[in-house]
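Notes follow the structure.
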Amino acid sequence: MEKSDQVDKNDGISRRNFLAGAAGLAVTAVITEFPNIVHAAAPLTLPQLPYADNALEPVISANTISFHYGKHHKAYIDNLNKLTANTEFADMPLEKIITGTAGKSDKVAIFNNAAQSWNHAFYWKSMRPKGGGEPPDALKKKIEASFGGIDALKKELANAAMSQFGSGWAWLIKDQGKIMVMKTGNADTPIAQGKNPLVTIDVWEHAYYLDYQNRRADYVNAVIDKLINWDFALENFEKA
Ligand SMILES: [Fe+2]
């Protein structure tokens with residue numbers, strides 16, 4: 001046997017093993033990349049609310065939740081399923097649809113509906129009945145290291161929510177080990193930029209208009225003080 005044949009055979013075996021291993025790693029990466037959102041096989045389904053529709057009263061009414069969740073969130077998922085039927089995106093997890101369409105001018109409708117589907121699932125988890133108050137100690141230390149104190153963080157998050165012109169979202173994210181505030185317009189989402197969200201506040205008018213009309217500040221401050229789910233923020237911080 002020629003030496004070159006020997007090398008080719010060994011190379012072939014090792015390449016096959018490598019490819020099998022790489023495929024396994026790729027599957028693992030997809031499953032664990034965004035562990036807080038449940039992946040659904042196509043067609044995507046509306047995830048369950050983590051509480052009853054009146055559980056956030058009096059800050060957010062059952063009426064607002066029933067429209068916001070039952071009409072708006074559902075519509076994003078229904079539209080996305082229609083837009084992705086029989087396309088390369090039909091069987092993709094939501095997060096992959098978002099990163100695969102971000103910044104592409106011919107995929108704007110798919111991106112918008114996918115990002116809004118993801119953002120809303122994350123928003124429902126970002127609040128809880130009897131939320132707000134003091135964060136858990138482990139998160140409090142991170143907040144103090146990043147902002148000097150919880151009041152400074154709350155003020156900066158509220159400012160981001162109020163200064164977002166038109167529709168959008170205010171976020172706490174983890175960036176290079178620190179907690180930071182950011183805002184995004186319309187459907188845009190930090191995960192499209194590879195960032196790690198901790199919690200979000202929806203500042204589209206449909207999130208608050210039935211309860212607060214044009215008083216966005218009252219809605220934002222009430223969510224921060226009475227509903228924000230600090231345990232969810234800590235869980236996301238530790239996983240990021
Ligand atoms: Fe919304």
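The values are calculated or read from the model by the stated rules, or taken from the named source; none is laboratory data. None of these values were measured; they are calculated from a predicted model. Virtual Cβ from ideal backbone geometry, glycine too; neighbours counted across all protein chains shown. All accessible areas refer to the heavy atoms of the entire protein, side chains included, with ligands and DNA or RNA removed. Shrake-Rupley method; radii C 1.70, N 1.55, O 1.52, S 1.80 Å.
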- Message: Please give me the summed charge of the neighbours of A85: other residues whose Cβ is under 13 Å from its Cβ, Lys and Arg +1, Asp and Glu -1.
- Response: -2
- Taking the stretch 169-240, the whole-percent share of alpha-carbon pairs separated by over 22 angstrom is 25 percent
- Query: Measuring with a 1.4 Å probe in the full set of protein chains, what accessible area per residue, in whole Å², belongs to the stretch 157-240?
  - Reply: 41 Å²
- Note on the structure: Whole-Hz Karplus couplings 3J(HN,Hα) for the stretch 85-95, θ = phi - 60° and coefficients 6.51, -1.76, 1.60, Gly and Pro as x, run 4, 6, 10, 4, 8, 4, 10, 7, x, 3, 4
- Query: In cubic angstrom, how much convex hull volume per residue do the alpha carbon atoms of the stretch 62-202 span?
  - Reply: 123 Å³
- Rg over Rh, two decimals, the stretch 162-203 (C-alpha only, Kirkwood Rh): 0.95
- Mean Cβ neighbour count within 10 Å, used as a protection proxy, ranking 56-62, 83-89, 102-108 highest first: 56-62, 83-89, 102-108
- Taking amide H positions as placed 1.01 Å from N in the peptide plane, with prolines and chain starts having none, which residues 5 or more places from D175, or on another chain, fall under 5 Å of its amide H? M180
